[in-house]
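Participant: Once you've had a glance at the structure underneath, I'll fire off some questions.
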Amino acid sequence: MKSTIPPTGTERILGEKEIIVSKTDTTGKLTYANKKFLEISGYNENEVLGVQHNLIRHPDMPRVIFKFLWERLVAREEIFAYVINLCKEGDHYWVLAHVTPSLTEDGTILGYHSNRRASDPSLVNNTIVPLYKKLRDIEQKATSPKQGLVASQSALTDIIDEQGGNYDRWLFSL
């Protein structure tokens, strides 16, 4: 579901010791949301369970970040990523997300588990926001959504390659 909520520009701050937790099925539908998820997003449990997690997707998030996230998860790999989420009322909050596949003993993916912590505001404002703006601009200037995704993925890959070619090392070097 694509959100039609207009962003207000008002940021909500996740406390340094607070953790947002959610779980989804293999299609991305929420199966669990902790109290902090509900509190900061402004939704109640009945509004989110069974709904696509992208309910809270902020329009400032580049599509390429989620493409990369899903590629890692399908490969049964964890991923860390900076994410801006959209609240029910249009406010937003930044997090450092850690997303992992939930696996059976034989390696079958049951769903996905995400823990989100507060992000460093200076890092977000000075590094992540400009990077995400650049990637979104690339996506939006392309002649099609598919071409935009390819072009922004190439730009992100170039940035990571310039820093040694490893996404995880690059992210944690920021």
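The values are calculated or read from the model by the stated rules, or taken from the named source; none is laboratory data. Nothing here was measured: the structure is a model prediction, and the numbers come from that model. Neighbour counts are summed over all protein chains in view; Cβ atoms, including those assigned to glycine, are modelled from backbone coordinates with ideal geometry.
Participant: Please go through the range 37-67 and give me each residue that is of a type in the set (V, I, T), assigned to a helix (DSSP H, G or I) and farther than 23 Å from I159 by Cα, ordered by number.
Facilitator: Step one: filter the range 37-67 for residues of a type in the set (V, I, T), giving 40, 48, 51, 56, 64-65.
Keeping just the survivors that are assigned to a helix (DSSP H, G or I) gives 40, 48, 56, 64-65.
If the condition is that a residue be of a type in the set (V, I, T), assigned to a helix (DSSP H, G or I) and farther than 23 Å from I159 by Cα, then I40, V48, I56 are the ones that fit.
Participant: Within the range 78-104, can you find the residues that are at pLDDT 95 or above and part of a loop (DSSP other than H, G, I, E, B)?
Facilitator: E78, C87, K88, E89, G90, D91, listed by residue number.
Participant: If you take the residues in the range 136-148 that are of a type outside the set (D, E, K, R) and surrounded by fewer than 19 Cβ atoms within 10 Å (Cβ to Cβ), which one is farthest from R63 (Cα to Cα)?
Facilitator: T143
Participant: Filtering the range 95-119 down to residues that are among the polar types (S, T, N, Q) and farther than 14 Å from A33 by Cβ, which residue is surrounded by the most Cβ atoms within 10 Å (Cβ to Cβ)?
Facilitator: For the range 95-119, the residue satisfying everything is S119.
Participant: Here's a follow-up. Determine which member of the set D161, D168 is at pLDDT below 95 and within 24 Å of K23 (Cβ to Cβ).
Facilitator: Working: D161 fails: within 24 Å of K23 (Cβ to Cβ).
None of the others qualify; the one that does is D168.
Participant: Moving on. Counting only residues that are surrounded by fewer than 15 Cβ atoms within 10 Å (Cβ to Cβ) and touching a strand residue (DSSP E or B) at 6+ places or on another chain (Cβ under 6 Å), how many does the range 66-79 have?
Facilitator: Selection size over the range 66-79: 2.
Participant: Which pairs do you get when a residue that is closer than 19 Å to K29 by Cα and free of Cβ contacts under 8 Å to residues at least 60 places away in the same chain, found in the range 55-79, comes within reach of a residue that is of a type in the set (S, T, N, Q) and crowded, with 19+ Cβ neighbours inside 10 Å, reach meaning Cβ atoms under 9 angstrom, with the pair 6+ apart or on two chains?
Facilitator: L55/S41; I56/S41; I56/N85; R57/N85; H58/N85
Participant: Can you go through N115, N85 and tell me which one is under 25 Å from G28 (Cα atoms), touching a strand residue (DSSP E or B) at 6+ places or on another chain (Cβ under 9 Å) and in contact (Cβ under 8 Å) with a residue 60 or more places away in the chain?
Facilitator: Only one candidate qualifies: N115.
Participant: Out of curiosity, is L123 in a helix (DSSP H, G or I), within 21 Å of E18 (Cα to Cα) and modelled with pLDDT of 95 or more?
Facilitator: On the way: in a helix (DSSP H, G or I): yes; within 21 Å of E18 (Cα to Cα): yes; modelled with pLDDT of 95 or more: yes.
Here the answer is yes, as L123 does meet what is asked.
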